[in-house]
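Asks: Would you mind keeping the following structure in view while I ask a few things?
The values are calculated or read from the model by the stated rules, or taken from the named source; none is laboratory data. Keep in mind that this is a model prediction, so the values were computed, not measured. Here the Cβ is made from the backbone with ideal geometry for all residues, glycine too, and neighbour counts use every protein chain on show. Heavy atoms of the whole protein, side chains included, go into the accessibility calculation; ligands, DNA and RNA do not. Shrake-Rupley method; radii C 1.70, N 1.55, O 1.52, S 1.80 Å.
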Amino acid sequence: MATVSIRARDKDPLAQFLGWFSLALGTAQVSAPRAMCKIIGAQGKGSSPLLMRAMGVREITQGLGILVRPRPTGWLWSRVAGDALDLALLGLTAAKNPERRGRTAFAIANVVGVTAPDVYESLHLRRLEGPPQSAKRIRKAVTINRSREEVEAAWGNANELRAKVDRAGASVSFEGAPGGRGTELAVDLEFDPPAGDLGAALQKLTGKDLATQLSDDLRRLKQQIETGQVVRSDGAPDGHLLADHLRQRAAQPLEEAVR
């Protein structure tokens, strides 16, 4: 099964990373403010935990804004401003806690390290013109060891799969596979889930995103065409499904597994 993602939207992997980074850092700051204060060289007493929580709320808000918006230019610039504020507060922390300046210096180095990609991505998005592009083009392809005529006929009989593809506004193509290995069946679609990257992550975790479903559907269609049946086992009675990987766990002795 081949999956090809072609960049068509404004938000690239760097912006995605910065969004998830903000979300993770903010969660840590909100849930464990005293520990985070000690990591950066602060005392973790008085108003420090409250300030750390406020910074965490800021980070979470920025992360959500970056992940949800198709072109989060403003949210990335807010991260740059937040970096400047963090550096100022860390400088104040170093001045008040000279015995822990090593920790504070390490924290400053980390903030400086993330400021560079924040500035770079902010400038990159600011240069983009026209309406924001939120969709990402996805191509799902499978090679079936049968002639094009056989594959097209089988596709014509796959009513549920064709209906799913039609509802998504996807296109289907049939091409001869390299080396005379049969026919390549490809489905091209634009992936634009609600709530941006947050929605995409939720759909992927639950196995409900269309790309994951198409991987399973095309794999089953390939098996049906080549062998006349979908390969199943006692462990996977519905056939191989990517969503089932979420429920996998390490093997256990039978007496422990049934407890």
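Asks: Grab the beta carbon distance between Ala81 and Ala201, set R0 = 30 Å, and tell me the FRET efficiency rounded to 0.05.
Replies: After rounding to 0.05, the efficiency reads 0.70.
Asks: Give the relative contact order (percent, whole number) for the chain; include only Cα pairs under 8 Å separated by 6+ residues.
Replies: About 20 percent, as a whole number.
Asks: With the radius of gyration and the Kirkwood radius both derived from the Cα set of the chain, what is their ratio Rg to Rh?
Replies: Rg/Rh for the chain comes to 1.13.
Asks: With the full set of protein chains in place, find how many percent of the accessible area of the chain is carbon and sulfur; take the probe as 1.4 Å.
Replies: Result for the chain: 57 percent of the exposed heavy-atom area is carbon or sulfur.
Asks: What's the center-to-center distance, using Cα atoms, between the range 13-40 and the range 47-99 in Å?
Replies: 9 Å
Asks: R0 = 35 Å: FRET efficiency of Ala163 with Asn110, Cβ-based, nearest 0.05?
Replies: The pair Ala163/Asn110 has a calculated efficiency of 0.10.
Asks: Ranking request for peptides 153-164, 219-230: highest mean number of other beta-carbon atoms within 10 Å first, then the rest in descending order.
Replies: Packing order, densest peptide first, comes out as 219-230, 153-164.
Asks: Still on this structure: Is any helix in the chain, taking whole DSSP H runs, at least 15 angstrom long along its axis by alpha carbon and on average at least -0.5 on the Kyte-Doolittle scale, and which ones?
Replies: Membrane-span-like by this rule: 13-31, 48-68, 73-96, 101-126, 196-206.
Asks: Could I ask something else about it? Ignoring ligands, DNA and RNA, what accessible area per residue does the chain give at 1.4 Å, in Å²?
Replies: For the chain, the per-residue accessible area is 57 Å².
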